[in-house]
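Student: I'd like to ask you about the structure that follows.
The values are calculated or read from the model by the stated rules, or taken from the named source; none is laboratory data. In this text the structure is predicted, and so the values were computed from the model without any measurement. Ideal geometry is used to build each Cβ from the backbone, glycine not excepted, and the neighbour counts take in all protein chains shown. Just so you know, the surface numbers come from the protein's heavy atoms only, side chains and all, with ligands and any DNA or RNA stripped out. Shrake-Rupley method; radii C 1.70, N 1.55, O 1.52, S 1.80 Å.
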Amino acid sequence: MLHDIGKAAIPDDVLEKPGSLNSEEWSLMKQHCEIGYRIAVATPEIAPIANFILYHHEHWDGSVYPFGLKKDEIPKLSRIFSIIDAYDVMIYSRPYR
């Protein structure tokens, strides 16, 4: 549940929007990694995983956000968070994917 903690700051109308997000909404949604990172570093109990939250949407080929990291530049726990996130998308219903 902590990998997407930054979504707490994303407006519900964006999180619950049926259909595709427009470019402005998608830009806002992509901020959740950095927001989650800031929440984590400010919370002593979860500060140790802040960097893993920040990088959990990085893809092996460097094609995704927030920094375009690739391969071994991505922390192992962030890669695990990414797998958890993909599983979460497949199992639980969300308006966006």
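Student: In deg cm²/dmol, rounded to 500, what helix-only [θ] at 222 nm does the chain give when every DSSP H run of at least 4 residues adds -39500 (n - 2.57) and the total is split over its residues?
Tutor: Values: 5 runs with 42 residues, N = 97.
Result for the chain, helices only: -12000 deg cm²/dmol.
Student: Let me ask something else about it. Cα to Cα, under 29 Å, and not fewer than 8 places away if on the same chain: which lysines meet these conditions relative to K76?
Tutor: K7, K30
Student: What accessible area per residue, rounded to a whole number of Å², is obtained for the chain using a probe radius of 1.4 Å? If you can, show how the numbers build up before the last one.
Tutor: Working: 6140 Å² over 97 residues.
On a per-residue basis, 63 Å².
Student: Further question: Of L28, A42, Y65, which is farthest towards the positive pole of the chain's charge dipole, taken about the Cα centre with +1 and -1 on the beta-carbons of Lys, Arg and Asp, Glu respectively?
Tutor: It is Y65.
Student: Related question: Using 0.36 nm per residue of separation minus the Cα-Cα distance, give me the extension gain between I91 and D61 in nm, one decimal. Walk me through the numbers before you get to the answer.
Tutor: Working: separation 30, 0.36 × 30 = 10.80 nm, distance 2.47 nm.
Separation in residues times 0.36 nm, less the Cα-Cα distance, equals 8.3 nm.
Student: So, one more: Please give the helix 76-91 orientation as an angle from the longest Cα principal axis of the chain, in degrees from 0 to 90, rounded to the nearest 10.
Tutor: The two axes meet at around 20 degrees.
Student: Which is farthest toward the positive dipole end of the chain among Y55, Y92, P75, measuring Cα position about the Cα centre, with Cβ charges +1 (Lys, Arg) and -1 (Asp, Glu)?
Tutor: Going by the charge dipole, the pick is P75.
Student: Please give me, ordered by residue number, the trypsin sites (Lys or Arg not before Pro) of the range 3-80 that lie in loop per DSSP and have at most 14 other Cβ atoms within 10 Å.
Tutor: K70
Student: When the gyration tensor of the range 16-97 is built from Cα positions, what are the square roots of 5 times its three eigenvalues, in whole Å, from largest to smallest? Don't jump to the answer; show the numbers that get you there.
Tutor: On the way: eigenvalues 89, 50, 37 Å².
With the √(5λ) rule applied to the range 16-97, the semi-axes are 21, 16, 14 Å.
Student: Leaving ligands, DNA and RNA out of it, report the carbon-plus-sulfur percent of the accessible area of the chain at a 1.4 Å probe.
Tutor: Numbers: 3570 of 6140 Å².
Ligands and nucleic acids excluded, carbon and sulfur reach 58 percent.
Student: Sorting Y65, Y37, Y92, Y55 by accessible area (1.4 Å probe), largest first, what list results? It would help to have the intermediate numbers written out before the result.
Tutor: Numbers: Y65 30, Y37 70, Y92 135, Y55 50 Å².
Accessible-area ranking of Y65, Y37, Y92, Y55, largest first: Y92, Y37, Y55, Y65.
Student: Using a Gaussian network model on the chain with a 10 Å cutoff between Cα atoms, which of F67, F52, F81 fluctuates the most?
Tutor: Residue with maximal mean-square fluctuation among F67, F52, F81: F67.
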